[in-house]
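These notes concern the structure reproduced below.
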Amino acid sequence: MNTSSSSSGAERAAESSIRIGALAPLTRPGWVEAGRHLVAGLELAVHEVNDAGGIAGRPLELVVRDTAADPQKASAAVDELAGLGVTALVGEYHSVVARAAAARADALGLPFLCSSAVLDELTERPTEWVARLAPAQSHGWRIYADFLLRAGHSRIAVAIQPSVYWASGTRVLRDHLAPRGGTVTELDMLALTPAAVCDALVRDRATALLLLVGHPEPAASIVTSVRRDPRLGEIMIGAPAGQPESAEWATLLGDDGVAIPFLRYLPEVLSPLGARVETALRERLAEAPSFVAFEGYDTIAVLADALRSHGTDRARVAEAWPHVAVEGTRGWIRFSRTPGISVRQWVWAPVQIVDRDPAEPGRLRVLHSG
C-alpha cells in the first residue's frame with residue numbers, strides 16, 4: 001500500500017514538472033570536463049528558476065543524457081527524451097554531435113537550444129526548431145585568423161584529424177588568410193607521428209602550428225614533441241578549439257602547455273549577474289568555471305523566458321526564439337537569422353583569445369577581445 005502511494009506521488013510530481021532534455025559529453029571519448037561544466041551551468045540555472053517559483057508554479061526537471069561525443073548515441077538520446085515527453089532539448093558541446101541532435105530534433109518537432117557547439121551548418125536546411133547561443137565557427141575562427149596575422153604569422157600549419165568540424169575550421173582559416181597573404185598547410189595526423197610533425201614544420205618553414213585534434217591525445221603528445229625540438233623554439237602553438245582551458249591540460253603538460261592561445265566566449269569584465277553566477281559555479285564545480293558553464297546557465301535563462309512568455313507547448317517554445325530578449329551572464333541575448341547560418345543565432349557572444357600565463361600557468365591571460 002505504501003509502495004503504491006509513493007509511486008503515485010512520484011508520478012504526479014513528474015507530471016507537474018516541466019521536463020527539459022539535456023545532452024552533454026560525460027564519458028570518453030567525449031570532452032568530459034566540458035560536459036561536466038555544461039551540466040553544472042544548466043543545473044545551477046534550473047535550481048534558481050525553481051527557487052523563484054518555477055514556471056507558473058511548475059518546477060523545471062532536467063533529464064540529462066550522456067552523448068560521449070557519439071552522434072548516433074546523441075540521436076538515440078533525442079528519440080528517448082522526446083518519448084519521455086520533454087518540452088525542449090538543451091546542451092551539447094561537440095559540434096558534430098550537436099549537428100546530429102539538431103537534425104533529429106528538427107525531424108521530431110522538438111525545440112533545441114544548443115548551448116556550446118559552433119559548427120556553422122548545424123542543420124542541413126533552415127529550421128525554426130533550433131536556436132544557438134555559441135558564436136558560429138566562421139565568426140570566432142576569423143577573429144583567431146586575424147590574431148595570427150597581427151602576431152606576424154602568415155605561414156600556418158594545422159595538425160588535423162578527420163572531422164567535419166576540423167575541416168570546417170581549416171576552411172575558415174584558409175578562406176580568411178589567403179586574401180591577406182597567408183597560407184595553411186594540413187598535416188594529416190592519421191599519417192604522421194608527433195616527431196614527423198616537427199620535421200614537417202621545419203621543412204615547410206611554418207611559424208605557427210594549430211592543434212585541430214582531439215584532447216588529451218594526440219594534442220598533448222604533439223605539444224610535448226614540438227616544445228622539446230630545438231629547431232622549433234620560435235614556433236607558436238595555437239588551439240582555437242580551446243583544449244588548453246582544461247585543468248587536465250595543465251596537469252598533463254605543465255610548463256609545456258602555457259602560451260598556447262585559444263578561443264573562449266566571455267567578456268573582459270563580467271556583469272554583476274555574471275560575477276554572481278561565476279561565484280556559484282565555482283562553488284558547485286570546486287574549480288574556476290569555463291565559458292562552457294556560463295553557456296549552460298544562459299541556456300536555461302533563455303529557455304525559462306521562452307516558457308514564461310509562450311507556454312510549454314513544443315511548437316510555441318520554438319515560436320518564442322525570435323522574441324527572446326534575456327540578460328545572460330555574458331550580455332543581452334537575442335536571436336536572429338544570420339546569412340550562412342541555418343538556425344536562430346545569438347549574434348554574437350563575446351569572443352576572447354586567451355592563453356595560460358607562462359609566469360603563472362594556473363592563470364588565463366587575455367591576449368585579444370573580438
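The values are calculated or read from the model by the stated rules, or taken from the named source; none is laboratory data. All values derive from a computational prediction rather than experimental measurement. Cβ placement follows ideal geometry from the backbone for every residue including glycine, while neighbour counts extend to all protein chains displayed. Accessible surface is based on the protein model in full, side chains and every heavy atom, while ligands, DNA and RNA are left aside. Shrake-Rupley method; radii C 1.70, N 1.55, O 1.52, S 1.80 Å.
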Unmet criterion (only one of (1) on the phi < 0 side of the Ramachandran plot; (2) open to solvent by 10 Å² or more (accessible area, probe 1.4 Å)) for Ala136: (2)
Residues of the range 134-148 satisfying the condition of being small (Gly, Ala, Ser) and free of Cβ contacts under 8 Å to residues at least 40 places away in the same chain: Ala145
The range 145-161, residues that are out of contact with any Ser or Thr (no Cβ under 9 Å at 6 or more places or on another chain) and part of a strand (DSSP E or B): Ala159
Contacts under 6 angstrom Cβ, first residue in the range 239-262 being closer than 20 Å to Ala208 by Cα and touching a residue at least 40 places away in the same chain (Cβ under 8 Å), partner open to solvent by 10 Å² or more (accessible area, probe 1.4 Å) and not polar (S, T, N, Q), 6 or more apart: Pro244/Arg356; Gly257/Ala250; Val258/Arg356; Val258/Pro358; Val258/Pro361; Ala259/Pro358; Pro261/Leu367
Cβ pairs under 9 Å, 6+ apart, first in the range 99-116 and more than 19 Å from Trp346 (Cα to Cα) and in a loop (DSSP other than H, G, I, E, B), second of a type outside the set (Gly, Ala, Ser) and open to solvent by 10 Å² or more (accessible area, probe 1.4 Å): Gly109/Trp129; Gly109/Arg314; Leu110/Thr87; Leu110/Arg104; Leu110/Trp129; Leu110/Arg314
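One line per residue, one yes/no per condition, for (1) over 19 Å from Glu295 (Cβ atoms); (2) without any contact (Cβ under 8 Å) to a residue 60 or more places away in the chain:
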position	(1), (2)
Asn50	yes, yes
Leu60	no, no
Arg65	no, yes
Asp70	yes, yes
Ser75	yes, yes
Complete set of residues in the range 154-172 that are touching a residue at least 24 places away in the same chain (Cβ under 8 Å) and surrounded by fewer than 23 Cβ atoms within 10 Å (Cβ to Cβ): Ser154, Arg155, Ala157, Ile160, Gln161, Pro162, Ser163, Val164, Tyr165, Ser168, Thr170, Val172
Residue among Val351, Val326, Val343 that alone is modelled with pLDDT of 95 or more and either within 30 Å of Gly257 (Cβ to Cβ) or acidic (Asp, Glu) (or both): Val351
Residue list for the range 350-369, filter: open to solvent by 10 Å² or more (accessible area, probe 1.4 Å) and touching a residue at least 40 places away in the same chain (Cβ under 8 Å): Pro350, Arg356, Asp357, Pro358, Pro361, Gly362, Leu364, Val366, Leu367, His368, Ser369
Members of the range 323-349 found to be open to solvent by 30 Å² or more (accessible area, probe 1.4 Å) and either under 13 Å from Val130 (Cβ atoms) or touching a Gly at 6+ places or on another chain (Cβ under 7 Å) (or both), listed by number: Arg337, Arg344
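Would you check if Asp51 is acidic (Asp, Glu) and open to solvent by less than 40 Å² (accessible area, probe 1.4 Å)? If you could, list the steps in order and put the result at the bottom.
Values: acidic (Asp, Glu): yes; open to solvent by less than 40 Å² (accessible area, probe 1.4 Å): no.
When the stated conditions are applied, Asp51 does not pass them.
Got a sec? Which of Ala196, Ala151 is open to solvent by less than 60 Å² (accessible area, probe 1.4 Å), out of contact with any His (no Cβ under 7 Å at 6 or more places or on another chain), among the aliphatic types (A, V, I, L, M) and touching a residue at least 40 places away in the same chain (Cβ under 8 Å)? Walk me through how you get there before you give the answer.
Working: Ala196 fails: touching a residue at least 40 places away in the same chain (Cβ under 8 Å).
After ruling out the rest, the residue left standing is Ala151.
Being under 23 Å from Ala275 (Cβ atoms), among the charged types (D, E, K, R) and surrounded by fewer than 16 Cβ atoms within 10 Å (Cβ to Cβ) narrows it down to one residue among Glu295, Glu287; which is it? Quick ask: steps written out before the conclusion?
Values: Glu295 fails: surrounded by fewer than 16 Cβ atoms within 10 Å (Cβ to Cβ).
Unique residue meeting the criteria: Glu287.
Here's the yes/no breakdown for (1) in contact with a helix residue (DSSP H, G or I) (Cβ under 8 Å, 6 or more places away or on another chain); (2) closer than 24 Å to His94 by Cα:
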residue: Glu121; (1), (2): yes, yes
residue: Trp141; (1), (2): yes, yes
residue: Pro179; (1), (2): no, no
residue: Asp188; (1), (2): no, yes
residue: Pro194; (1), (2): yes, no
residue: Ala208; (1), (2): yes, no
residue: Gly214; (1), (2): no, yes
Single condition Thr67 does not satisfy, out of (1) open to solvent by 10 Å² or more (accessible area, probe 1.4 Å); (2) within 27 Å of Ala241 (Cα to Cα); (3) polar (S, T, N, Q): (1)
Pair list, Cβ < 6 Å and 6+ apart or interchain, from the range 15-27 residues that are more than 18 Å from Gly296 (Cα to Cα) and modelled with pLDDT under 95 to residues that are open to solvent by 50 Å² or more (accessible area, probe 1.4 Å) and of a type outside the set (Gly, Ala, Ser): Ser16/Arg58
Segments classed as helices (runs of 4 or more DSSP H), wholly inside the range 242-311, with at least 2 members that are touching a Ser or Thr at 6+ places or on another chain (Cβ under 7 Å), farther than 24 Å from Arg344 by Cα and at pLDDT 95 or above: 272-285
